[in-house]
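Scroll down for the structure; my scribbles are underneath it.
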Amino acid sequence: MSEHKDFLRTIVEEDLKAGKYNKVVTRFPPEPNGFPHIGHAKSIVINFGIARDYHGHCNLRMDDTNPTKEDTKYVEALKDAVEWLGFDFDNNVHFTSDYFPKLYDYAIELIKMGKAYVDSLDEEEIREYRGTVTEAGKRSKYAERSVEENLDLFERMKNGEFKDGEHVLRAKIDMTAANMKMRDPLLYRIRHAHHFRAGDAWSIYPMYDFAHCLADYIEGITHSICTLEFENNRDIYNWVLDTLGLGSISPRPYQHEFARLGINYTVMSKRKLLELVKGGQVSGWDDPRLPTIAGYKRRGYTPESILNFCDGIGITKANSMVDVAQLEFSIRDDLNTKVPRVLCVLDPLKVTIENYEGSEEIEATYYPHDVPKEGSRKLPFSREIYIERDDFMENPPKGYYRLTPEQPVRLKHAYIISCKEVVKDVNGNITEIKAEYHPDSRSGSDTSGIKVKSAIQWVSASEAKEVEIRLYDRLFKDEAPEGLEDINPDSLKVIKNALIEPAVITEKPDERFQFERQGYFYADPVDYTDEKPVFNKIVGLKDSWSKKKKTTTESAPKPQAKKVQIDGEVAPMTEVQEKLFNKYRADLGLNSEVANTLARDEKLSYFYAEALTVLNSPVGLANIVANDVARELKAKEASELKFSAKQIADLVKMVDDETISSKIAKQVFEEMAKSGESPTQIVESKGLVQISDPSKILPIIDEIMEKNPDNVAKFKAGNTKLLGFFVGQVLKSTGGKANPKVVNELVSEKLK
RNA sequence: UGGGGUAUCGCCAAGCGGUAAGGCACUAGUUUUUGGUACUGGUAUCGGGGGUUCGAAUCCCUCUACCCCAUCCA
C-alpha cells in the first residue's frame with residue numbers, strides 16, 4: 001500500500017475504526033455484456049485491493065439482470081481478467097440472477113407497504129410523465145391502484161400473462177424530485193427472453209437500481225464502490241434499503257463513487273469497443289491494439305505492469321484522462337529487469353565482411369550489466385551478416401552514431417566493422433555494404449583502440465531465422481477519438497521476414513524479449529508456431545535519437561492559447577437586502593464583501609443582528625459571522641446550532657480585548673460549535689490565554705532557529721516564504737498560544 | 001434552465017491554516033558495447049475575482065469551465 005491513502009481507503013478505515021463494520025466486504029460487479037477493459041482493471045484493483053489491504057473479502061459478481069444483452073462468454077472473459085491480474089475469488093462467482101427469488105419477495109414487500117405499484121402506461125407516456133430536468137414530472141393514474149390489485153398484477157406479470165412492456169413495477173417516491181432518478185423509478189419490467197443462466201424461469205427482470213443495492217445487501221457488502229455516473233443513483237440505493245428497513249437488521253452497505261479511467265488515443269466504452277470488434281477494424285476482443293484485458297494480455301503486457309499502472313494513477317473523483325505514456329512506462333519498467341536481450345533485424349541490409357573467413361560462435365550474455373540475472377547463448381558469426389537498414393547512412397546528419405562510410409561501428413557482442421563500399425541497384429537504393437572487420441576488436445578482448453559511438457544489432461545470414469513481427473501502434477491518431485474516422489491507419493504493420501538470431505527460436509529462453517535497441521516483444525500466444533514464429537511488439541524502447549531529430553527539424557513552439565476567464569453577472573439584491581447592505585456599509589463600517597455576504601443571507605443577517613445587541617463590535621462580529629458562522633449555517637438551520645449569538649459575542653469580546661488571538665478564536669469557535677460550551681469556559685479550561693510577552697517568546701524563537709540552521713540560511717538568502725515556517729513552529733511549540741502578531745514581528749526582526 | 005459532481009505543472013496526483021510531495025512526460029548532464037537502464041539537476045503558487053487572517057491551495061462570498069442525470073441499459 002502506498003503511503004498516501006486514497007479517499008476510499010480513508011473512508012473504509014474510518015468505518016472500521018468507528019466499528020461500523022467488523023470486516024470489510026467489497027465486490028466487483030460487472031455486467032457480462034462485453035469484454036473487460038483496463039477501466040475494469042482499475043475497478044478490480046480497487047475492490048480486490050481494498051479487501052486485501054484490510055483483511056476483508058471481495059466478491060466477483062455478475063450483474064446479470066438484462067437477459068437480452070448478456071452472455072456466458074463474457075463471464076468467462078471477466079473471470080479470466082480477475083485471475084490474470086492475480087486476484088482470487090475463491091472459484092465462487094456470484095450472480096445477481098441467483099437472487100431473483102429473493103428480489104421478487106422484496107418487491108412484494110414494497111408493494112405491501114404501499115411503496116411500489118404496477119404502472120400500465122406505455123413507454124412513451126412514462127417518458128413524458130417523467131418531466132425534464134427543469135420541470136417536475138407527474139404521477140401516473142395507475143399509482144392509485146390498491147395493494148391487492150398491485151399484488152395480483154405483479155404476480156401475473158411474473159407468471160407471464162402479459163406481453164413485454166404492458167406493465168412495469170415502479171417505486172412510489174416523488175415525481176417532482178430534483179433528482180430525476182427518484183421520479184418513481186422502474187423496479188421491474190416484463191421480458192419474455194431467455195436468460196443465459198436463469199433460463200426461461202422468469203418473464204420479469206429487476207432493474208439495476210432495485211437489484212444492485214439488494215444484491216449488495218444479500219452478500220453482506222459493506223462498501224459498494226462504483227463509478228461517478230452512479231452518483232445520482234445513490235439516492236435510490238439508499239431509499240430501497242432504508243424503506244425495506246434493511247439497515248436496522250444488520251449493517252447495510254453504502255455506495256461510494258470514484259472517477260472512471262480514461263486513457264488518451266483509445267476508447268473505453270463497451271459500445272465503441274463492440275463497434276470496433278463487430279466492424280472488423282480489429283481482429284477480435286483480444287486484438288493487441290485494444291485496451292481490453294485480453295488485448296493487453298495478447299500484446300504481451302504483464303499483470304504486474306497493469307497493477308503498477310493502476311497504483312500509479314491514483315483514485316479520485318476528478319474526471320481525468322491519463323496519458324498512454326504512463327501505461328507504456330509501466331510495462332517498460334517491469335520488463336526491463338525481467339527479460340532477455342536478443343538481436344533481431346527488422347529491416348535487413350546485407351553486409352559482407354570481406355576480410356573474414358570461416359565462422360565462429362560468440363558467447364553472449366542475455367542480460368546487460370545492470371540487470372542482475374544470469375544466462376547466455378551462442379551467437380553465430382560469419383562473413384555474411386545483416387544489419388538494420390537504419391543503422392547505415394551514406395550522408396549522415398550531425399550527431400549520427402552508427403555506421404557511415406567514415407564511421408566504424410561495433411556489432412553488438414562481436415567485432416567493430418568499417419564500411420568499405422556501398423553497393424546500389426539501378427535505382428540508387430543501397431543493396432549491400434562491403435565492410436572490413438577489425439580482428440583485434442572482439443568484444444571482451446578488444447585491443448584495437450578504435451573508438452566507436454555505438455553498438456548495433458546484427459544477425460548471421462546463414463543461421464538467422466525468419467520471423468513475422470507485428471508492429472503495433474496506438475489505434476487512434478486523435479488524442480480523444482470521436483469515431484472510426486479517427487483511426488490510425490498505421491496502427492498495425494506486419495513485417496513478414498524479419499531476421500532473428502537462432503537461439504530465440506531454438507532455445508526459447510523466454511516468451512518476452514527485448515529486441516536490443518528496438519523494444520519489447522512477445523511470442524504471440526495464438527499464431528506462433530515453430531515453423532512460423534510470430535512476435536508482437538509490446539512497446540518500443542525510449543528513443544531519444546529520433547526525438548532529437550524531430551525537434552531539430554520541426555522545432556515548433558506551439559502557441560499556447562491562454563484561456564480567457566469570463567466574469568458572469570451577479571444576481572441583483574432585493575430591495576430589503578440592498579437597504580441592509582447600505583446600513584452595514586454606512587452605519588457599521590463593514591467592508592463591502594462582508595456586508596454583501598451578510599445582507600444576502602437571511603440566516604446570517606438575523607444572527608448578526610442578534611449578536612450585535614449583546615456586543616457593540618460591528619466589524620469583529622461581522623467577520624466571524626460572515627466567515628465561520630456561515631460555514632456552520634451552510635449545512636444546518638439556525639435552530640440546530642449548538643452555540644448562540646451571545647456566545648459569539650463573548651468570543652469576539654475576548655479577541656477585542658486581546659485575551660486571545662484570532663487564531664485561538666478559530667480553535668475556540670470549532671470547539672464551541674461541537675460542544676456548545678461557552679467560549680470563556682473553553683479558554684479557561686484549556687488555558688488558551690495568549691502569550692504576548694516578548695521575553696517569553698524570544699527564547700522559543702532562538703531554540704527553533706538553532707534547530708533549523710538550514711532554513712535560517714535559506715531565509716537570509718532571500719527565501720522570505722520561510723517566515724511562515726518559523727512563525728508556525730513557534731505557534732506549534734506554544735500550543736497556538738503565542739500572539740502571532742508579536743511572533744511575526746520578533747521573527748522578522750531576528751532574521752534580518 | 002433544476003439536481004448531483006469536479007477544478008493543484010503538458011498528463012496523473014499529494015496536500016485538510018504555517019517551506020506547493022511524488023510519478024509520467026519534457027529537459028540538461030554523468031555512467032554505459034542498447035541513442036535503453038541507472039544516477040544527478042531543472043521545471044507550478046494552486047480555474048478567476050474579492051474577503052477573513054500575522055499568514056490561505058486549504059476558511060467565507062462570488063463568478064467561470066467541464067462531467068453526470070429526462071433507457072422498460074448497467
*Which of the residues that make up region A:316-347 are within 6 Å of RNA strand B (Cβ to nearest atom), within 15 Å of the chain's Cα centre (by Cα) and under 19 Å from A:TYR472 (Cα atoms)?*
A:ASP323, A:ALA325, A:GLN326
*A:SER418 is checked against (1) crowded, with 17+ Cβ neighbours inside 10 Å; (2) outside any loop (DSSP other than H, G, I, E, B); (3) in contact (Cβ under 8 Å) with a residue 24 or more places away in the chain and fails just one. What number does that condition carry?*
(3)
*Would you please list the contacts, defined by Cβ atoms under 9 Å and residues six or more apart or on different chains, that run from a residue in region A:58-76 that is within 13 Å of A:SER97 (Cβ to Cβ) and in contact (Cβ under 8 Å) with a residue 12 or more places away in the chain to a residue that is of a type in the set (A, V, I, L, M) and in a strand (DSSP E or B)?*
A:ARG61/A:VAL93; A:MET62/A:VAL93; A:GLU70/A:MET62; A:VAL75/A:MET62; A:VAL75/A:VAL93
*Taking the condition away from RNA strand B (no atom under 11 Å from the Cβ), without any contact (Cβ under 8 Å) to a residue 24 or more places away in the chain and part of a helix (DSSP H, G or I), does A:GLU13 pass?*
no
*Any chance you could count how many residues in region A:591-609 are buried (at least 16 other Cβ atoms within 10 Å of the Cβ) and closer than 20 Å to A:MET654 by Cα?*
2
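Only one residue in A:ASN536, A:ASN497 is surrounded by 19 or more Cβ atoms within 10 Å (Cβ to Cβ), away from RNA strand B (no atom under 16 Å from the Cβ) and farther than 19 Å from A:ARG377 by Cβ. Which one?
That would be A:ASN536, the only listed residue that is surrounded by 19 or more Cβ atoms within 10 Å (Cβ to Cβ), away from RNA strand B (no atom under 16 Å from the Cβ) and farther than 19 Å from A:ARG377 by Cβ.
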*Would you mind finding the one in A:GLU388, A:GLU357, A:GLU361 that is over 18 Å from A:LYS451 (Cβ atoms), in the same structural domain as A:ILE500 (by TED's automatic domain parsing), buried (at least 17 other Cβ atoms within 10 Å of the Cβ) and out of contact with any Ser or Thr (no Cβ under 9 Å at 6 or more places or on another chain)?*
A:GLU388
*Do any strands (runs of 3 or more DSSP E) lying entirely in region A:123-223 carry at least 2 residues that are touching an Asp or Glu at 6+ places or on another chain (Cβ under 6 Å) and without any contact (Cβ under 8 Å) to a residue 60 or more places away in the chain, and which ones are they?*
A:168-171
*List pairs: first in region A:392-404 and of a type in the set (Phe, Trp, Tyr), second within 9 Å of RNA strand B (Cβ to nearest atom), Cβ under 8 Å, 6+ apart or cross-chain?*
A:PHE392/A:ARG402; A:TYR400/A:MET393; A:TYR401/A:LYS453; A:TYR401/A:SER454; A:TYR401/A:TRP545
*asked:* For region A:724-752, give me each residue that is touching a Phe, Trp or Tyr at 6+ places or on another chain (Cβ under 7 Å) and within 11 Å of RNA strand B (Cβ to nearest atom).
replied: A:VAL747
*Would you check if A:ILE682 is surrounded by 18 or more Cβ atoms within 10 Å (Cβ to Cβ), within 16 Å of RNA strand B (Cβ to nearest atom) and of a type in the set (Val, Ile, Thr)?*
no
*Among the residues of region A:268-293, which ones are over 9 Å from A:HIS37 (Cβ atoms) and aliphatic (A, V, I, L, M)?*
A:LEU274, A:LEU276, A:VAL277, A:VAL282
*Which of the residues that make up region A:364-411 are small (Gly, Ala, Ser) and farther than 30 Å from A:VAL422 by Cβ?*
A:GLY375, A:SER376
*What is the residue count in region A:421-467 for residues that are hydroxyl-bearing (Ser, Thr, Tyr) and either in contact (Cβ under 8 Å) with a residue 60 or more places away in the chain or assigned to a strand (DSSP E or B) (or both)?*
5
_Residues of region A:579-598 classified as more than 43 Å from the chain's Cα centre (by Cα) and within 15 Å of RNA strand B (Cβ to nearest atom), total_ = 8
*Counting just the residues of region A:54-92 that are among the polar types (S, T, N, Q) and exposed (fewer than 15 other Cβ atoms within 10 Å of the Cβ), which one comes out nearest to RNA strand B (Cβ to nearest atom)?*
A:THR68
*Name the helices (runs of 4 or more DSSP H) wholly within region A:652-726 that hold at least 2 residues that are within 30 Å of A:ASN627 (Cα to Cα)?*
A:662-675, A:679-686
*Of (1) touching a helix residue (DSSP H, G or I) at 6+ places or on another chain (Cβ under 8 Å); (2) closer than 30 Å to A:ASP650 by Cβ; (3) free of Cβ contacts under 8 Å to residues at least 40 places away in the same chain, A:GLY728 satisfies all except one. Which?*
(1)
*Within region A:693-723, which residues are modelled with pLDDT under 90, surrounded by fewer than 13 Cβ atoms within 10 Å (Cβ to Cβ) and not acidic (Asp, Glu)?*
A:LYS707, A:PRO709, A:ALA713, A:LYS716, A:ALA717, A:GLY718, A:ASN719, A:THR720, A:LYS721
*Would you confirm whether any residue within region A:731-746 is exposed (fewer than 13 other Cβ atoms within 10 Å of the Cβ) and over 30 Å from A:ASN627 (Cα atoms)?*
no
_So A:VAL147, is it touching a strand residue (DSSP E or B) at 6+ places or on another chain (Cβ under 6 Å) and modelled with pLDDT of 95 or more_ = no
*Determine, yes or no, whether A:ASP601 is among the acidic types (Asp, Glu), within 12 Å of RNA strand B (Cβ to nearest atom) and either in contact with a Lys or Arg (Cβ under 9 Å, 6 or more places away or on another chain) or touching a residue at least 24 places away in the same chain (Cβ under 8 Å) (or both).*
yes
*Selected residue [buried (at least 21 other Cβ atoms within 10 Å of the Cβ), more than 40 Å from the chain's Cα centre (by Cα) and in a helix (DSSP H, G or I)] from A:LEU612, A:LEU621*: A:LEU621
_Residue satisfying condition, being surrounded by 15 or more Cβ atoms within 10 Å (Cβ to Cβ), in contact with a strand residue (DSSP E or B) (Cβ under 8 Å, 6 or more places away or on another chain) and farther than 27 Å from A:PHE513 by Cβ, within set A:PRO405, A:PRO396, A:PRO380_ = A:PRO405
*All but one of (1) touching a Ser or Thr at 6+ places or on another chain (Cβ under 6 Å); (2) closer than 28 Å to A:VAL277 by Cα hold for A:ALA51, so report the exception by its number.*
(2)
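Yes/no matrix, rows are residues, columns are (1) modelled with pLDDT under 95; (2) away from RNA strand B (no atom under 15 Å from the Cβ); (3) more than 19 Å from A:TYR104 (Cα to Cα):
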position: A:CYS213; (1), (2), (3): no, no, no
position: A:ASP216; (1), (2), (3): no, no, no
position: A:PHE230; (1), (2), (3): no, no, yes
position: A:ASP235; (1), (2), (3): no, no, yes
position: A:GLY245; (1), (2), (3): no, yes, no
position: A:HIS256; (1), (2), (3): no, no, yes
position: A:ALA259; (1), (2), (3): no, no, yes
*Check A:LYS270 against each of (1) out of contact with any strand residue (DSSP E or B) (no Cβ under 9 Å at 6 or more places or on another chain); (2) within 21 Å of A:ARG27 (Cβ to Cβ) and name the one condition it does not meet.*
(1)
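The values are calculated or read from the model by the stated rules, or taken from the named source; none is laboratory data. This structure is a prediction, so every number in the text was calculated from the model and none was measured. Cβ: placed from backbone, ideal geometry, glycine included. Neighbour counts: every protein chain shown.
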